[in-house]
1. Return yes or no: is A:Asn115 more than 24 Å from A:Ala44 (Cβ to Cβ), in contact with a His (Cβ under 9 Å, 6 or more places away or on another chain) and part of a loop (DSSP other than H, G, I, E, B)?
2. What pairs come out if I take residues in the range A:22-47 that are farther than 13 Å from A:Ser60 by Cβ and at the interface with chain B (Cβ under 9 Å from one of its Cβ atoms) and pair them with residues that are surrounded by 18 or more Cβ atoms within 10 Å (Cβ to Cβ) and small (Gly, Ala, Ser) whose C-beta lies under 6 Å away, six or more apart or interchain?
3. Among the residues of the range A:13-24, which ones are of a type in the set (D, E, K, R) and buried (at least 20 other Cβ atoms within 10 Å of the Cβ)?
4. Give me the residue from the range A:99-115 that is aliphatic (A, V, I, L, M) and in contact with a strand residue (DSSP E or B) (Cβ under 7 Å, 6 or more places away or on another chain) and, out of that set, nearest to A:Val133 (Cα to Cα).
5. Of everything in the range A:74-101, what is more than 7 Å from chain B (Cβ to nearest Cβ), within 18 Å of A:Asn146 (Cα to Cα) and either of a type in the set (Lys, Arg) or part of a loop (DSSP other than H, G, I, E, B) (or both)? Give them in sequence order.
6. Restricting to the range A:48-70, give me the number of residues that are over 15 Å from A:Leu147 (Cβ atoms) and either within 11 Å of another protein chain (Cβ to nearest Cβ) or of a type in the set (A, V, I, L, M, F, W, C) (or both).
7. With the checklist (1) closer than 29 Å to A:Ile38 by Cα; (2) small (Gly, Ala, Ser); (3) over 11 Å from the mean Cα position of the chain (by Cα) in hand, flag the one item B:Gly161 doesn't pass.
8. Would you mind stating whether A:Thr104 is over 19 Å from A:Leu26 (Cα atoms), surrounded by fewer than 17 Cβ atoms within 10 Å (Cβ to Cβ), more than 14 Å from the chain's Cα centre (by Cα) and within 14 Å of another protein chain (Cβ to nearest Cβ)?
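Read-outs throughout are calculated quantities, based only on the coordinates presented, and are distinct from any laboratory measurement. This structure is a prediction, so every number in the text was calculated from the model and none was measured. Positions of Cβ are backbone-derived with ideal geometry, glycine not excepted, and every protein chain shown enters the neighbour counts.
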There are 2 protein chains.
Amino acid sequence: MKALKKRILEEGAIAHGNVIKVDSFLNHQIDIELLNEIGKEFKARFQNEKIDKILTIEVSGIAIAVIAAQYFNVPVVFAKKTESKNLDKETYESTVHSYTKNITYTIRVSKKYINEGENILIIDDFLANGKAVEGLLDIIKKAKANLIGVGIVIEKGFQKGGKNIREKGIRLESLAIVDRVEDGRIIFR
Amino acid sequence: MKALKKRILEEGAIAHGNVIKVDSFLNHQIDIELLNEIGKEFKARFQNEKIDKILTIEVSGIAIAVIAAQYFNVPVVFAKKTESKNLDKETYESTVHSYTKNITYTIRVSKKYINEGENILIIDDFLANGKAVEGLLDIIKKAKANLIGVGIVIEKGFQKGGKNIREKGIRLESLAIVDRVEDGRIIFR
């Protein structure tokens, strides 16, 4: 996706550990116009699929998922990372390891909001080692829902998440795939 | 706002400690159509104001803020509750006490994304004791930005946040104000 890649090159910064910082338009300050272009692009890529619901994970997947959901005309459900008194007791759970933060946490979705047989599209901002997406796949499986595919804004192609997901035969659409970072410069695949 | 109140009455549940659960459409599963009506209503209420940016706080303010921002045609910035390697070192900070969770946490916004003189509209899902909004007000003040007002989806009128904010002379627009909960029933003001 051209407009996204342009923006990543113009404003993306490389932080320690090959973290790609896109704080200025994607996950701290949010550019709504670009997000709408991203939403339209996801719709274009999955236009032939029947989708009932978009599943994402807090925090930074939410903004992208809700804007995209307007083009699919479906509700969004986001998996929660923190225990909350407000969450139903009956939940589908999975554990996710974050390499960036070096912690393992539990993600939860109320059993009310993913139903057997529903067609689910996963949307998230980043794909690196793929652990968050794997957690969501696990929840979809436990709920006996159907996975339609995974839509990612920025895939870090030099980490193994994308490869693992594609090898499972899952349809993965990444709008920008960073092949590598060379001398602080981002090279797209 | 009629459609919102109807939905709260139909689907809202009262959990322990007068927590109003709106998981089915606002903060776990998200009804995008209702969110668009909410966004339009915020725009209608602040239509005569010049707004440069919408400020919210993770997690559940984000979905509402980004949908509303489409009607204002401005970017969203969300304050972060967790320390992150990805966040800039230069931040405006404030502390917020959560009565629900009984913890005090630090909220942060990168100094890059709120600028002196910018006209800021705060948007959030709930207003109870008002501590999250007070933290955002503090950050706006530290950034020397201009507060235009506060837009809240559900105000718990029986807690003191709304009163405190109005007494400061701040324009507060709450789309539904719950006056009290009687025998498990929600009564709007």
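1. no
2. Final answer for the pair search is A:Ile32/B:Ala69.
3. Selection gives A:Asp23 alone.
4. If we take residues in the range A:99-115 being aliphatic (A, V, I, L, M) and in contact with a strand residue (DSSP E or B) (Cβ under 7 Å, 6 or more places away or on another chain), then A:Ile107 is nearest to A:Val133 (Cα to Cα).
5. Passing the criteria: only A:Val74.
6. 13
7. Result: B:Gly161 passes all but (1).
8. Answer is no for this residue.
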